[in-house]
Amino acid sequence: MTEDLFAPPGTAWQRLSPNYLRMKLLLIPLGWTALFIGPAVAAFLVGPPALGWAVVAVWAALLTWRLIRAPRAFRRWGYAERDTDVYLTSGLFHRRLVCVPYGRMQLVQLQSGPLERAFGLATVEMITSSTQGGVTIPGLAQADAAALRDRLIARGETQQAGI
């Protein structure tokens, strides 16, 4: 029943590129190791050995949790294009469903940083006239992102609400 709550009416979800998960699985150990290396070295040099090993244990637990969680969170991302709007879902523990009417879009941006480009990925961001600002779809293959951008722009132009 909960899945029905977050399903687009009558449309299948489009998912992110598998390269996005590969990139995340590479970045998680690098990021968490960089975050914990300083405190771990300091704990071993200044404190008792038990403190250093406690920091290492916390690092290992958090790293393991994030690596187990990443594929599940990745599978929760999706978007669905309909005739008058686009849906976006995400979230593992706190689920989220956003519906953006094409007529409310003011700007569509395509972004791809150096690491994303190395994995062949791009991010599409829709800036809307709402107070929340916009919706981002990360981890799309570059060709898919460019095609989505073009479709969103075309549909937004034809359904513009005159804002």
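Tabulated results
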{"read-out": "Residue list for segment 46-94, filter: assigned to a helix (DSSP H, G or I) and touching a residue at least 40 places away in the same chain (Cβ under 8 Å)", "value": "Leu67, Ala70, Pro71, Phe74, Arg75"}
{"read-out": "Single condition Val135 does not satisfy, out of (1) open to solvent by 70 Å² or more (accessible area, probe 1.4 Å); (2) under 21 Å from Ala7 (Cα atoms)", "value": "(1)"}
{"read-out": "Considering residues of segment 59-115 that are of a type in the set (Gly, Ala, Ser) and open to solvent by less than 30 Å² (accessible area, probe 1.4 Å) only, the residue farthest from the chain's Cα centre (by Cα)", "value": "Gly103"}
{"read-out": "All positions within segment 112-131 that are touching a strand residue (DSSP E or B) at 6+ places or on another chain (Cβ under 9 Å) and assigned to a helix (DSSP H, G or I)", "value": "Leu115, Glu116"}
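The values are calculated or read from the model by the stated rules, or taken from the named source; none is laboratory data. Predicted model, so just to flag it, every value in this text is computed and none were measured. A quick note on method: Cβ atoms are made from the backbone with ideal geometry, for glycine too, and the neighbour counts reach across all protein chains shown. Heavy atoms of the whole protein, side chains included, go into the accessibility calculation; ligands, DNA and RNA do not. Shrake-Rupley method; radii C 1.70, N 1.55, O 1.52, S 1.80 Å.
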